[in-house]
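A quick write-up on the structure given underneath.
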């Protein structure tokens, strides 16, 4: 699992980056995405950051990427709505 947190002072850049990340994972908090861990996905994301977003950085803008191994994933505790996202949903009609 990869966790990506970001903050851009520009609303336009923030919206574009969120739309970009949506292709790879799901939003778990405002400006925080969870992405399936794979070397190819991580490389695609980092390349896009280097080529497109890094040059737009202002003084307080940032992107943080956290890679979690399988052992670390098991240590993640989820509460509230986040705890329900991991459960299978069965619908009876």
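The values are calculated or read from the model by the stated rules, or taken from the named source; none is laboratory data. In this text the structure is predicted, and so the values were computed from the model without any measurement. Neighbour counts are summed over all protein chains in view; Cβ atoms, including those assigned to glycine, are modelled from backbone coordinates with ideal geometry.
Table: residues versus (1) part of a strand (DSSP E or B); (2) at positive phi; (3) loosely packed, with under 10 Cβ neighbours inside 10 Å; (4) at pLDDT 90 or above.
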site: 49; (1), (2), (3), (4): no, no, no, yes
site: 71; (1), (2), (3), (4): no, no, yes, no
site: 76; (1), (2), (3), (4): no, no, no, no
site: 83; (1), (2), (3), (4): no, no, no, no
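So, in segment 10-29, how many residues would count as being exposed (fewer than 14 other Cβ atoms within 10 Å of the Cβ) and either free of Cβ contacts under 8 Å to residues at least 24 places away in the same chain or farther than 21 Å from residue 58 by Cβ (or both)?
Qualifying residue count for the region: 9.
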### Task
Please determine, by comparing only the residues of segment 30-45 that are outside any loop (DSSP other than H, G, I, E, B) and either in contact with a helix residue (DSSP H, G or I) (Cβ under 8 Å, 6 or more places away or on another chain) or touching a residue at least 40 places away in the same chain (Cβ under 8 Å) (or both), which one is surrounded by the fewest Cβ atoms within 10 Å (Cβ to Cβ).
42
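Matching residues to (1) out of contact with any strand residue (DSSP E or B) (no Cβ under 8 Å at 6 or more places or on another chain); (2) on the phi > 0 side of the Ramachandran plot; (3) assigned to a loop (DSSP other than H, G, I, E, B):
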residue: 6; (1), (2), (3): no, no, no
residue: 9; (1), (2), (3): yes, no, yes
residue: 20; (1), (2), (3): yes, no, no
residue: 54; (1), (2), (3): yes, no, no
residue: 63; (1), (2), (3): no, no, no
### Summary
Checked against (1) touching a residue at least 24 places away in the same chain (Cβ under 8 Å); (2) within 15 Å of residue 68 (Cβ to Cβ); (3) in contact with a helix residue (DSSP H, G or I) (Cβ under 9 Å, 6 or more places away or on another chain), residue 7 satisfies every condition except (2)
